[in-house]
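Remarks on the structure that follows.
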Amino acid sequence: MFRIRRIEREDLDQLFALDKRCFRPGIAYSKSELAYFLNHSRSLTYAAVDASESILGFAIAESKLEQGRRIGHIVTIDVDPSLRRQGIGQRLMQEMIEGLRAQRAVAIRLEVAVDNLEAQSFYRKLGFTPTGRIPDFYMGTLDALTMECSLESAPDSFS
Ligand SMILES: CC(C)(COP(=O)(O)OP(=O)(O)OC[C@H]1O[C@@H](n2cnc3c(N)ncnc32)[C@H](O)[C@@H]1OP(=O)(O)O)[C@@H](O)C(=O)NCCC(=O)NCCS
């Protein structure tokens with residue numbers, strides 16, 4: 001059982017700890033990087049929490065104008081490793097899409113490590129398609145796959 005709410009300033013320590021469990025050193029964000037994204041006026045932030053307010057997963061996106069069109073960009077999405085494949089990631093993305101649509105964003109973009117096949121499967125399931133590859137994007141050695149999902153065609157619900 002979980003509910004989705006906006007991330008609050010007091011969540012930072014939990015987010016940092018969870019991000020370290022989800023990503024290897026060099027890809028995981030520092031606490032100051034996470035704090036930057038949380039404080040940014042154009043960030044959208046969602047957490048999945050249980051009844052005792054423990055964070056089970058979270059997602060952060062930014063949105064910005066590109067040639068007059070608002071584009072969302074996924075900063076990160078993290079689900080507790082022991083709670084995966086239970087729909088938490090999907091619910092977080094669903095909220096994110098609704099939030100970005102409310103800002104009149106027309107598409108969402110992201111980067112994902114080329115060796116992160118689990119996340120690539122997740123994004124494909126949600127309607128993202130590969131758009132390119134950025135050499136040495138992570139740690140100066142690991143390529144990123146770029147993916148995009150049009151919000152004009154994305155379903156309202158993934159269920
Ligand atoms: C990617 C991630 C957020 C998915 O979270 P999740 O809560 O497990 O995802 P869901 O349960 O909502 O999965 C939805 C669908 O995505 C697909 N999917 C999710 N994880 C998958 C996996 N490991 N392998 C294959 N498909 C997967 C499935 O189609 C799944 O539906 P199903 O379980 O009914 O088959 C989670 O694995 C994670 O935190 N990974 C580490 C951090 C990360 O890589 N983030 C993305 C970086 S760009």
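Before moving on, here are some points about what is shown:
- Within the listed set Gly68, Gly57, Gly132, the Gaussian network model of the chain (springs between alpha-carbon atoms below 10 Å) gives the highest mean-square fluctuation for Gly68.
- Charge context of Glu66, other residues only, Cβ under 14 angstrom, K/R +1, D/E -1: +4
- Model label points for Thr146 and His40, set 7 angstrom from Cα along the Cα-to-Cβ axis, are 1.6 nm apart.
- FRET efficiency, Phe23 to Ser52 (Cβ-Cβ, R0 22 Å, nearest 0.05): 0.30
- Loop-located trypsin sites (Lys or Arg not before Pro) in region 23-130 (DSSP state other than H, G, I, E, B) with a sparse environment of at most 16 neighbouring Cβ atoms within 10 Å: Arg42, Arg84, Arg85, Arg104.
- Charge tally for Val112 (other residues, Cβ to Cβ under 12 Å; Lys, Arg +1; Asp, Glu -1): -2.
- Dividing the summed helix terms, -39500 (n - 2.57) for each DSSP H run of n ≥ 4, by the number of residues in the chain produces a 222 nm estimate of -8500 deg cm²/dmol to the nearest 500.
- Between Glu118 and Asp13, the modelled labels are 2.6 nm apart [label points 7 Å from Cα along Cα→Cβ].
- The residues of the chain expose, per residue, 55 Å² of accessible area to a 1.4 Å probe.
- All other residues whose Cβ lies under 11 angstrom from that of Phe122 are scored, Lys and Arg at +1 and Asp and Glu at -1, for a net of +3.
- Split the chain at each of the GluC sites (Glu not before Pro) in a DSSP loop with at most 13 other beta carbon atoms within 10 Å, and the longest piece is 54-151.
- Projecting label points 7 angstrom from Cα along Cα→Cβ for Glu98 and Ser32 puts them 3.6 nm apart.
- Nonlocal amide H pairs with Asp80, under 5 Å, H built at 1.01 Å: Gly57
- Fluctuation leader among Leu38, Leu92, Leu12 - the chain, Gaussian network, Cα springs under 10 angstrom: Leu12
- Taking Gln67, Gln86, Gln103 as the candidate residues, the one with maximal mean-square fluctuation in a Gaussian network model of the chain, Cα springs under 10 Å, is Gln67.
- Based on the convex hull around the alpha carbon atoms, region 3-110 presents an average projected area of 6.9 nm².
- Under Karplus coefficients 6.51, -1.76 and 1.60, residue-wise ³J(HN,Hα) of region 35-48 in Hz, glycine/proline x: 4, 4, 5, 5, 8, 5, 5, 9, 8, 10, 9, 9, 10, 9
The values are calculated or read from the model by the stated rules, or taken from the named source; none is laboratory data. Keep in mind that this is a model prediction, so the values were computed, not measured. Note that each Cβ is placed from the backbone with ideal geometry, even for glycine, and that neighbours are counted across all protein chains shown. All accessible areas refer to the heavy atoms of the entire protein, side chains included, with ligands and DNA or RNA removed. Shrake-Rupley method; radii C 1.70, N 1.55, O 1.52, S 1.80 Å.
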